[in-house]
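S.K.: Below are the structure tokens for one structure; questions will follow.
Values in this text are rule-based calculations from the coordinates and carry no lab data. The model shown is predicted, which means the values in this text are computed figures rather than measured ones. In this analysis, Cβ positions are derived from the backbone assuming ideal geometry, glycine residues included, and neighbour counts consider all displayed protein chains.
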Amino acid sequence: MTRLSTGGLIDRSRTLSFTFDGVAYTGHPGDTLASALLANGVRLVGRSFKYHRPRGIFTCGSEEPNALVELRTGARKEPNTRATTVELFDGLVAQSQNRWPSLEHDALSVNQWLTPFLGAGFYYKTFMWPASFWEKVYEPTIRRAAGLGAASELVDPDTYEKAFAFCDVLVIGSGATGLAAALAAARSGARVILADEDFRLGGRLLTENVAIDGAPARDFVARAEAELSSLPNVRLMPRTTVFGAYDGSEYACVERVSDHVAVPAAFQPRQRLWRIIAKRAILATGAFDRPIVFPGNDRPGVMTAQALATYAQRFGVGAGANAAVFTNNDAGVAAALAAANAGLTLEAVIDVRDALPSPLAAKAKALGVRVITGGEVIATKGKRLSAITVRTKSGTQTLAVEALGISGGATPNLNLTCHLGGKPVYREDIAAFVPGAVPPGMSCAGAVAGQFSLSDCLNAGTEQGAAAAADAGFARAAAPAPKAEETPTGIRAFWQVKAKGDLAFVDLQNDVSAKDVGIAHKEGFRAVELLKRYTTMGMATDQGKNSNMAGLALMAELTGQGIAATGTTVFRPPYTPVALGVLAGHHREKDFRPTRPTPTHAWAEGQGAVFVETGFWLRAAYFPKPGEKDWLESVNREVKATRESVGVIDVSTFGKIDLQGPDVGTFLDRVYINMFSTLQVGKARYGVMLREDGLVMDDGTTARLADTHYVMTTTTANAGKVFQHLEFCLQVLWPELDVQLASISEQWAQIAVSGPRSREVLAKLVDGHDVSNAGLPFMGVAQTTVLGGIEARIFRLSFSGELGYEIAVPARQGERLMETIMEAGRPFGITPYGTETLGVLRIEKGHVSGSELNGQTTARDLGLGRMASTKKDYIGRVLSQRPAFQDPARPIFVGFKPVDKAQRLRAGAHLLTVGAQATTHNDEGYVTSVAYSPTLGHFIGLGFLKRGLERIGEQVRAYDPVRGSDILVEVCSPAFVDPEGEKQRV
Amino acid sequence: MRIPCPYCGSRDAHEFAYLGDATLTRPDPAASDAAEAFHAYAYLRENPEGAHREYWYHANGCRRWLVVTRNTRTHEILGVAFARPSTDEVPA
Amino acid sequence: MSDLLAHVPHTRLVPEGSYGPEGKAGVRARQVLGLAVATLTARKGKAADLARRLCAAGLPLVDAPKAVSTMAFTTIGTGPGRWLILAEGMTGTALLAHLGSLAGADATLTDQSDANLIVEVTGPDARATLAKGVAVDLHPSAFGAGDAATTVVSHVGVTFWQSDAAPAYRFMVARSFAPAFLRWLTASAAEFGIALSGTGRG
């Protein structure tokens, strides 16, 4: 056991049980999985990505490259989880990854003897030939050997949700800087959100032996947290990672609501995605302690000096029975002393510098810590670290230690500053990249901005917190910044120990060594972006938070360019990996998008309808009857019944737009190709609308209810688009027109009754209105009442080609209307039908629909060119007349029937002259809609064929290689049924 | 991203539908060069760096067409106005 | 979405009842029935005249996203020169006739009484629930009683307004989107407990 005898922000009075690789251990509330593993002496926690080298816990935070585990089991199993950020809970189960058969004895660890062959660009160079081997052999093999954890393939049983928050000042990070900023902003009255990825506020203050306002730093944290919690204008968000900065001062965050418990409490989500809209944001994300590159720097037991100190101070854990620290900077030394203060046995501090600043030297002396100056670690030993070799001017010596803390300096955690394109800037004086341009509204304070001293952090936080609140319109609070001693921040830039021996790693997660950087340099992949992609340095879950700096420093040395000129890769969101579930939130499975039921949905369900999704709408597709063997049999029955007697369908899904005002007629003349200002009151007309480029946008009927009142219908699919287009025309193109629009799609239920007996059915519904051919002629409109006083609009229209009416009533009356229609139609065997039969009826009649209005067709292509008025201008007129659209060879709307009537036509088939090869060059058109016509007894189709109208009677080939169909069809008129249109006019 | 709608206030950009260049004027269809002018109107677009005036429709809000001046480099919104010169305002 | 609504068809309103932890109702929601609704749109250039005329007749119109209530009516600005007018105890036809007589030629009117579902959401956790879908700042300093917004919640277009400081909010949702809206509302409020009424027994 390496739990220190005292100290740590853990509750030693309570014990939590957990297992790792099946072995039971215990820890305490306040532990992370990593600290609990170390407390139990578990130092080997994973195998490396490529070489399967033994690896241990390397950091104490979200930048962890090594200690990735599969957390939980079954459907809740979560691979690649950083043990350093997992809050320990009772019953936690974790497994190591990327090892076989066991962590202790990994068969693939032989890969490390293959190191000479597995260097940078290995995959690119080796698995080149034959190409077919990639998919079948190389990739599966590589994926098995080089990998991370395995995902659960079960359905996630937990829920996720999204939420919005608004604030004046968002403070990201709750260390000294963040707390000071939040206090300053909050005291001014601003609405403040303080977010931190950790479950405990305080950041580095939980680790440091420093005093603030004369008291231990932890007391300051407690006081600050208490004050912030008491303020109604502050929202504290621990366990919340701000993972992305977006346009408009918007920040995306994941709140881990239930990750710290085995199973979420009832009705609690597992995680919550926050979108925070902040007037100002203060980035106070601190800095990472970065590694030094030296042989064997990846052995379990080697970790950042910051981690060594944090485990000791915050968790009361010794990372080993004893330890040493290897550093080039004052913070590294301070971390070593903090660890020693907490009770860790510190054998030595090895500093590459020739001397320590005197205050630090004095502290070390007071603690009795041995300091080796001018020293470098040149080798390590043990599957779990057992010894290090130190080289000084006077020779080498071996120290037996179980843990080694390394600190190559501080790398500001500036990830979020890059999300909108900011490029970090190198500062020689602190040997670190600091934020360059930052997102609008963001400012950086403290270590992230290169201000490493504690007093600088507190001052910067206070100042920027107050300034941000002032920007948001609040008066500055008077309270001064908390006072702290100046902590030393000296550093001598030092990246790599020059020594022969074991691999010296730059990137632990991707097994990229100093040698690989050398290969990349030699082979010309010298720009940082190329270096990253060639060596894979800085990829995967940690995104190079630790490794980038050393990697590019090594490259800079090789090129001789210097680090500033070499530059750094930039970061994109997310800062840390984000589960897809939380991005989906509530919108999964059937809740992925809304389902819109029609007004008669419940009735249709009662009739046993089979439904189909059309956009958001759920519509009845057909109404099977007992004994019918398939949908086609049902549809054939529905079609026949409608053509011979009467059928009924809910058509409420069409878009319906109310247009009022003195200029509606003029307006419609400008948006439709045909005339509407001349339409008589009480009449409807079919209209075609173009886009300005001359292609058809939509079609539908528009009726004139009164002199200044029209009602337009659009196709179901284009309802929103047409409304938007009409608003554009009115507001932008012709603001002089006095027209008011209102969507009435949801107000009216509309039911179509079609077939030779439809008039008899209608007659039973209306409250005395004359529905004879004279009283309500074809394309006539009646505003009346039905069912004894229900307001109704009756349109005598026909999509089916039969005598037909569409009856609109207020939506809440839709179901009642449908039931009454069914009752009235019973003597005629009235048959409800759905979208399938609707399609068959219109294809038999040769009416165009969505498949033909496909954004590539003109009114002329659709055979509707003669509708276009020549007496006026309208949207799309000019460009519809361009030569290409008038080309007689352009495919034009015709019908098709199979020569062999037993054959099935396929929509999507391309049309070829008989005998022509199936090439794009020979393509003469395509089939858009097909149906089996029960009226004709064979398949029929609609589509577009070059010079189609001149080729009626000709045989062409309908070629559909996708579904393996190739048949002869005869070109015909698209109107298969009642071409003269007599039936609808009776 | 947020767009400050002159009627609704600050709103999520998802509520708006984008159309594009607001500096274009629908050409005179009766002009002798109408074919060329409409071709340019329908197809030809500048791709300016920096401030750009563009049409956005507040589809899920007040249904107004807006002219939004946006910096195409930074997405900063520099100004927003109703596309239709508003003579309909009610005096406060 | 959890098992919470697994038994509720996506085409039906979430049935009345309690959802969430036993005995908790941080949110109360109810369908408000019996309201006539009309869209009132000022004719070109007539918004000011219209507002003056109607205000004089006791129907306050504010050309802004505000909800103003009198004894009989609520007017809600949904766009420049456009309002929703809600009336209790009246049919849509009667409301149109009444408004027509007041507005004369200054406005056009469209009956929307059957187009929407109106849901009142209230309770101590109402604001926290709404934050899960409403991308508008509902903090009292930004949105108070009498404020209204037309926006989108969980892919569903809504017009809503704060009807009192409690706070209580009223949401108007298109009829065919009402089931999806109530699913979102119920799922979002479940952690606080929600008592839903007026939506039928499913």
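S.K.: Mind sorting A:Glu638, B:Glu46, A:Glu954 by how few other Cβ atoms lie within 10 Å of their own Cβ, fewest first?
M.R.: B:Glu46, A:Glu954, A:Glu638
S.K.: Within 10 Å of each Cβ of A:735-741, how many other protein chain Cβ atoms are there on average?
M.R.: On the way: counts 8, 1, 1, 5, 4, 12, 6.
The shielding value for this peptide is 5.
S.K.: From the phi of every residue in the range A:503-511, what ³J(HN,Hα) in whole Hz does the Karplus formula 6.51 cos²θ - 1.76 cosθ + 1.60 yield, where θ is phi - 60° and glycine or proline is x?
M.R.: Values per residue, Gly and Pro as x: 4, 10, 8, 9, 10, 6, 5, 9, 6 Hz.
S.K.: Using the crude model of +1 on Lys and Arg Cβ and -1 on Asp and Glu Cβ, and no other charge, please compute the dipole size for the range A:756-912 relative to its Cα centre, in debye to 20.
M.R.: Numbers: 21 positive and 16 negative charges, 118 e Å.
Taking the Cα centre of the range A:756-912 as origin, the dipole is about 560 debye.
S.K.: Are there trypsin sites (Lys or Arg not before Pro) in the range A:449-533 that DSSP puts in a loop and that have at most 15 other Cβ atoms within 10 Å, and which ones?
M.R.: A:Arg476, A:Lys483, A:Arg492, A:Lys498, A:Lys500
S.K.: In the P(r) worked out for the range A:6-77, what percent of Cα pairs fall beyond 22 Å?
M.R.: Everything past 22 Å amounts to 27 percent.
S.K.: Per residue of the range A:931-937, in order, report the coupling 6.51 cos²θ - 1.76 cosθ + 1.60 (Karplus, θ = phi - 60°) as ³J(HN,Hα) in whole Hz, putting x for Gly and Pro.
M.R.: Per-residue couplings from phi come out as 7, 7, 9, x, 5, 9, x Hz.
S.K.: Using the alpha-carbon centroid of each, what span in Å lies between the range C:57-119 and the range A:721-796?
M.R.: 23
S.K.: Which of the three applies to the range A:552-692, rounded, prolate or oblate, going by the alpha-carbon gyration tensor with a ≥ b ≥ c and a/c under 1.5 meaning rounded?
M.R.: Verdict is oblate for the range A:552-692.
S.K.: Kindly provide the GluC sites (Glu not before Pro) of the range C:1-104 that DSSP labels as loop, not H, G, I, E or B, and whose Cβ sees at most 15 other Cβ atoms within 10 Å.
M.R.: Answer by residue number: C:Glu22.
S.K.: Classify chain B from the C-alpha gyration tensor, please: rounded if a/c falls under 1.5, else prolate or oblate depending on whether a/b exceeds b/c.
M.R.: Note, shape of chain B comes out oblate.
S.K.: Can you compute the radius of gyration and Dmax for the range A:193-233, using only the Cα atoms, both in Å?
M.R.: Rg then Dmax for the range A:193-233, in Å: 10.9, 32.
S.K.: Same structure again: Return A:Thr858, A:Thr870, B:Thr69 ranked ascending by Cβ neighbour count within 10 Å, so the fewest neighbours appear first.
M.R.: A:Thr870, B:Thr69, A:Thr858
S.K.: Would you mind checking which residues have amide H under 5 Å from A:Leu4's amide H? H placed 1.01 Å from N; only 5 or more apart, or other chain.
M.R.: Amide H neighbours of A:Leu4: A:Val317, A:Gly318.
S.K.: Can you bin the range C:14-154 into rounded, prolate or oblate? Criterion: square roots of the alpha carbon gyration tensor eigenvalues sorted a ≥ b ≥ c, rounded for a/c under 1.5, prolate for a/b above b/c, oblate for the rest.
M.R.: Note, shape of the range C:14-154 comes out prolate.
S.K.: Could you pull out the trypsin sites (Lys or Arg not before Pro) across the range A:905-986 that fall in loop regions by DSSP (anything but H, G, I, E, B) with no more than 11 other Cβ atoms inside 10 Å?
M.R.: Within the range A:905-986, the qualifying trypsin sites (Lys or Arg not before Pro) (loop, at most 11 other Cβ atoms within 10 Å) are A:Arg963.
S.K.: Right, something else. Limiting things to C-alpha atoms, what are the Rg and the maximum Cα-Cα separation (Dmax) for the protein assembly as shown, in angstroms?
M.R.: 36.3, 117
S.K.: Using only Cα atoms, tell me the angle between helix B:34-43 and the longest principal axis of chain B; keep it within 0 to 90° and round to the nearest 10.
M.R.: The two axes meet at around 40 degrees.
S.K.: In addition: For q = 0.19, 0.25 Å⁻¹, what log10 I(q)/I(0) does the range A:468-523 give under the Debye formula with an equal point scatterer on each alpha carbon and no solvent?
M.R.: One equal scatterer on each Cα of the range A:468-523 leads to -0.84, -1.08.
S.K.: Continuing with this model, one more query. Can you compute 3J(HN,Hα) from phi for each residue in the range A:237-253, using the Karplus curve 6.51 cos²θ - 1.76 cosθ + 1.60 with θ = phi - 60°, rounded to whole Hz and x for Gly and Pro?
M.R.: In residue order, the calculated couplings are 10, x, 6, 10, 9, 7, 9, x, 10, 10, 4, x, 6, 10, 10, 9, 9 Hz.
S.K.: Report the convex hull volume per residue for the range A:742-879, counting only C-alpha atoms, in Å³. Walk me through the intermediate numbers first.
M.R.: Details: hull volume 21.3 nm³, N = 138.
Value for the range A:742-879: 154 Å³ per residue.
S.K.: Let me ask something else about it. Sequence-distant or interchain residues sharing an amide H contact under 5 Å with A:Val512, placed H: which?
M.R.: The list, which skips near neighbours in sequence, is A:Val506, A:Asp507.
S.K.: Using only the Cα atoms of the range A:390-538, what do you get for the radius of gyration and for Dmax, in Å?
M.R.: Every Cα atom of the range A:390-538 included, Rg and Dmax give 20.5, 63 Å.
S.K.: Please report, ordered by residue number, every helix of chain A (full DSSP H runs) that is 18 Å or longer along its axis going by C-alpha atoms and whose mean Kyte-Doolittle hydropathy reaches -0.5.
M.R.: Answer set is A:217-230, A:454-471.
S.K.: Oh, and also: What residues have an amide H closer than 5 Å to that of A:Gly121, excluding those fewer than 5 places away on the same chain, when H is modeled at 1.01 Å from N in the peptide plane?
M.R.: none
S.K.: Arrange the following residues from fewest to most other Cβ atoms within 10 Å of their Cβ: B:Glu54, A:Glu589.
M.R.: Ordered by Cβ neighbours within 10 Å, fewest first: A:Glu589, B:Glu54.
S.K.: Two decimals, Cα atoms only, Kirkwood Rh: what is Rg/Rh over the range C:35-111?
M.R.: 0.91
S.K.: For A:Lys500, which lysines qualify as cross-link partners when the Cα separation must be under 20 Å and same-chain residues fewer than eight apart are set aside?
M.R.: A:Lys381, A:Lys383, A:Lys393, A:Lys515, A:Lys522
S.K.: If you wrap a convex hull around the C-alpha atoms of the range C:87-202 and split its volume per residue, what is the figure in Å³?
M.R.: It comes to 135 Å³ per residue, whole-number rounded.
S.K.: OK, next. Going through the cross-link list A:Lys590/A:Lys629; A:Lys625/A:Lys983; A:Lys656/A:Lys721; A:Lys423/A:Lys545, which pairs have a Cα-Cα distance over 18 Å in this structure?
M.R.: Over 18 Å Cα-Cα: A:Lys590/A:Lys629; A:Lys625/A:Lys983.
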